[in-house]
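We did not get these values from a lab; they are worked out from the coordinates using the rules stated. In this text, all values refer to a predicted model and were calculated from it rather than measured experimentally. Glycine also receives a Cβ, built like all others from the backbone with ideal geometry; neighbour counts cover every protein chain displayed.
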Amino acid sequence: MKKFKLQYKPFGEHSILIEWPQIISENVLKSVLLYKQKLENFEFKQKVYIKHAYNSILVSYSSTINNIYDEILTLKSILYEGFDSEHNDSILWKVPVCYDLEFGLDLEEISLKNNLEISKIIELHTNENYLVYFIGFLPGFLYLGGLDKKIHFPRKSTPRMQIEKGAVAIGGSQTGIYPNESPGGWNIIGSTPIEFFNVQKENPCFAKAGDKIQFISVSKVDYDQIASSIATHDYIIESEVIDD
Amino acid sequence: MIKVLHPGFYTTIQDLGRKDFQHLGVPMSGAMDMHAAKMANAILGNDTDCAVLEITMVGPKLEFNCETNIIVTGANLAPKINTTIVKNNTLINVNKGDILSFGTPINGFRAYLAVTGGFQSEIILNSRSMYQSITKASKLNKGDEIKIHTKSHISKKYSAIKMDSNYLNDNVISVFKGPEFHLMNNEQLNKLFNQEFTVSKENNRMAYQLQELVTNNLKGIITSLVLPGTVQLTPFGKLMVLMRDCQTTGGYPRVLQLLEASINLLSQKRVGDKIKFKLKAL
């Protein structure tokens with residue numbers, strides 16, 4: 001695996017930030033996730049909370065760090081000596097989306113300004129397997145990479161006060177799913193009945209960093225049927241293990 | 001049980017928050033002035049993770065349906081039991097039918113009400129802290145009933161711990177360098193540490209924005225991790241101090257990081273209050 005130059009920075013009284021170069025890429029993510037796994041396997045003297053984003057890991061300690069520079073040395077040693085035996089399979093999740101205009105409130109505008117038929121927008125959006133980089137912004141909101149340049153579209157200058165749960169949207173060079181009702185400035189192109197965050201479940205969000213998301217275009221009839229199966233807990237989302 | 005006769009301006013149930021779920025994008029939450037909340041529990045002899053009520057500016061009116069011990073810490077919002085004025089930081093015995101209400105705020109912005117054994121609301125993702133889309137309600141509403149332990153379950157161990165409310169009058173916010181501190185130029189640093197800043201009307205449990213602008217030529221960063229107490233500098237030049245309900249990630253330069261004690265102190269400030277930043281070495 002490619003080696004990156006890492007920076008270690010104290011971040012408040014309880015946390016240390018580990019940073020990769022300012023790049024969004026699958027290689028950086030792989031390096032981040034490998035280090036994260038080693039940190040999770042390490043037996044720290046106190047409880048730690050480890051989270052990551054595109055090019056960073058934050059290690060937060062439950063009490064004040066005695067000597068931050070000693071602790072940074074410990075973190076560095078884990079990178080070189082820690083183990084990552086536990087192989088975590090990456091999963092491809094097939095997410096049904098209804099792109100009817102009833103849901104895709106901004107499809108016509110994107111079609112007009114990007115000079116693409118709506119059917120072409122849907123084709124481009126469903127062709128890609130999007131990489132899950134991390135979860136942030138809202139509970140269960142996946143940061144996805146891989147949106148086709150032809151359907152990049154700037155965020156709205158005035159955000160909508162309310163975007164419905166399940167809305168599938170495009171914001172600049174990114175695409176994503178609103179896991180819950182929220183204000184938001186992204187352009188809505190469809191809706192999924194799949195729940196990306198459910199506090200009733202032991203694991204509230206089924207997807208994890210390193211997984212991929214594929215959007216499958218479904219009719220309104222299928223959308224309604226999936227929604228009612230989800231309501232009665234009879235729906236299992238289609239998925240497959242990704243071979244590296 | 002406690003009955004909410006009037007919810008006040010913005011009253012929520014809070015505890016130490018949800019530390020285990022940031023990797024799923026769940027905010028930390030928890031009492032804004034964690035010090036005041038912890039002291040309330042400590043004086044009552046409660047466990048430190050017992051849920052308290054966080055009362056913002058204008059207090060609620062609450063009726064007790066059983067005998068218990070209570071305490072109010074943090075802001076002095078002129079608490080009263082029935083018609084008798086009671087003191088902050090002092091253990092109070094309440095009887096069945098007693099009504100706790102509040103008057104005109106005297107000092108500070110957020111008060112904490114603890115009861116013996118803590119408020120027994122639903123635990124979601126290991127915490128009782130209210131947050132929209134995680135808990136059913138995001139604040140108390142009129143007519144709500146919250147379960148508390150009745151007196152027969154109360155342990156008698158009282159603490160000799162005393163709480164000092166003098167910190168409410170401080171206005172120095174101590175900070176460490178944030179991850180993007182080094183990107184700032186001398187003019188920006190000069191402004192940050194030699195000028196007073198005013199709490200703007202955009203202040204809530206997610207973030208406190210400050211009124212005075214700091215000219216900003218910094219590039220945004222690739223979306224990275226943030227914490228309660230992170231001070232972001234927006235492209236418009238606004239300083240945004242993230243608080244307990246903040247998102248888990250953000251894309252603005254993180255120029256400063258508040259000490260825990262300073263997050264508690266800032267929680268006690270309201271629109272128009274002046275603060276000064278003071279840089280501390282780690």
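Measuring r between the beta carbons of A:Thr158 and A:Thr126 and using R0 = 41 Å, the FRET efficiency lands at 0.90.
Under 8 Å for C-alpha pairs, at least 6 residues apart: give me the relative contact order for segment A:149-224, rounded to a whole percent.
Working: 113 pairs, mean separation 18.6, N = 76.
RCO, segment A:149-224: 24 percent.
Average the reciprocal distances over every distinct pair of alpha-carbons in segment B:170-279, invert the result, and give the Kirkwood radius in Å. If you can, show how the numbers build up before the last one.
Values: mean 1/r = 0.0737 Å⁻¹.
Value: 13.6 Å, from the Cα pair sum.
Karplus-based coupling profile of segment B:209-217, in residue order and whole Hz: 8, 10, 6, 5, 8, 10, 3, 10, 10, with θ = phi - 60° in 6.51 cos²θ - 1.76 cosθ + 1.60 and x standing for Gly or Pro. Between the beta carbons of B:Ile106 and A:Ser63, assuming R0 = 25 Å, the FRET efficiency works out to 0.15 to the nearest 0.05. The phi torsions of segment A:179-189, fed into the Karplus equation with coefficients 6.51, -1.76 and 1.60 and a -60° offset, translate into couplings of x, 8, 4, 6, x, x, x, 7, 8, 8, 10 Hz, rounded to whole numbers, with Gly and Pro shown as x. Charged side chains reduced to their Cβ positions (Lys and Arg at +1, Asp and Glu at -1) give segment B:2-164 a dipole of some 200 debye around its Cα centre.
How many partner chain Cβ atoms sit within 10 Å of a residue's Cβ in peptide B:242-252, on average, as a whole number? All intermediate terms of the calculation are to be shown ahead of the outcome.
Working: counts 0, 0, 0, 0, 0, 5, 10, 12, 3, 2, 0.
Taking the mean over all residues of the peptide, I get 3.
Restricting everything to alpha-carbon atoms, can you work out Rg to Rh for segment B:65-135 with a Kirkwood hydrodynamic radius? The partial results should precede the final answer.
Numbers: Rg = 13.9 Å, Rh = 13.6 Å.
Rg divided by Rh gives 1.02.
Here segment A:46-175 was treated as a single set of alpha-carbon atoms; its pair distances binned every 5 Å from 0 give 2, 7, 13, 17, 15, 11, 8, 7, 8, 6, 4, 1, 0 percent. Over all distinct Cα-Cα pairs of chain A, the Kirkwood formula returns a hydrodynamic radius of 19.7 Å. Placing +1 on each Lys and Arg Cβ and -1 on each Asp and Glu Cβ, with no other charges, gives segment A:101-244 a dipole about its Cα centre of roughly 620 debye.
Just to be sure I follow: if Rg is taken over the C-alpha atoms of segment B:2-164 and Rh is the Kirkwood radius over the same atoms, what is Rg/Rh? Mind showing how you got there, number by number?
Working: Rg = 14.7 Å, Rh = 15.6 Å.
Across segment B:2-164, the Cα-based Rg/Rh ratio is 0.94.
Pairs over the 26 Å Cα-Cα cut-off, from the set A:Lys45/A:Lys76; B:Lys142/B:Lys274; B:Lys87/B:Lys201; A:Lys47/A:Lys212: B:Lys142/B:Lys274; B:Lys87/B:Lys201; A:Lys47/A:Lys212.
The tail of the calculated P(r) for the protein assembly as shown beyond 32 Å holds 49 percent of all Cα-Cα pairs.
Each part gets one Cα centre, and for segment B:88-119 versus segment A:152-199 those centres are 42 Å apart.
Each principal axis of the Cα atoms in chain B has its own extent, and those three values, largest first, are 61, 37, 33 angstrom. Ordering A:Lys3, A:Lys156 from the fewest to the most neighbouring beta carbons within 10 Å gives A:Lys3, A:Lys156.
Normalised by residue number, the volume inside the convex hull of the Cα atoms of segment A:12-88 is 97 Å³ per residue.
Quick one: length gained pulling B:His6 to B:Gln132 fully straight, 0.36 nm per residue minus the C-alpha distance?
So the chain would gain 43.3 nm between B:His6 and B:Gln132.
Its Cα gyration tensor gives segment B:1-56 an equivalent ellipsoid; the semi-axes, largest first and in whole Å, are 21, 17, 10. Between segment B:1-39 and segment B:192-208, the C-alpha centres lie 21 angstrom from each other. Charge tally around A:Glu117: other residues with Cβ under 12 Å, Lys/Arg +1 each, Asp/Glu -1 each, net 0. Out of every Cα-Cα pair that segment A:128-244 contains, those further apart than 17 angstrom amount to 58 percent. In degrees from 0 to 90, rounded to the nearest 10, what is the angle of the helix B:34-44 Cα long axis to the longest principal axis of chain B? Roughly 20 degrees between the two axes. Kirkwood analysis of segment A:8-57, using all unique Cα-Cα pairs, places the hydrodynamic radius at 11.7 Å.
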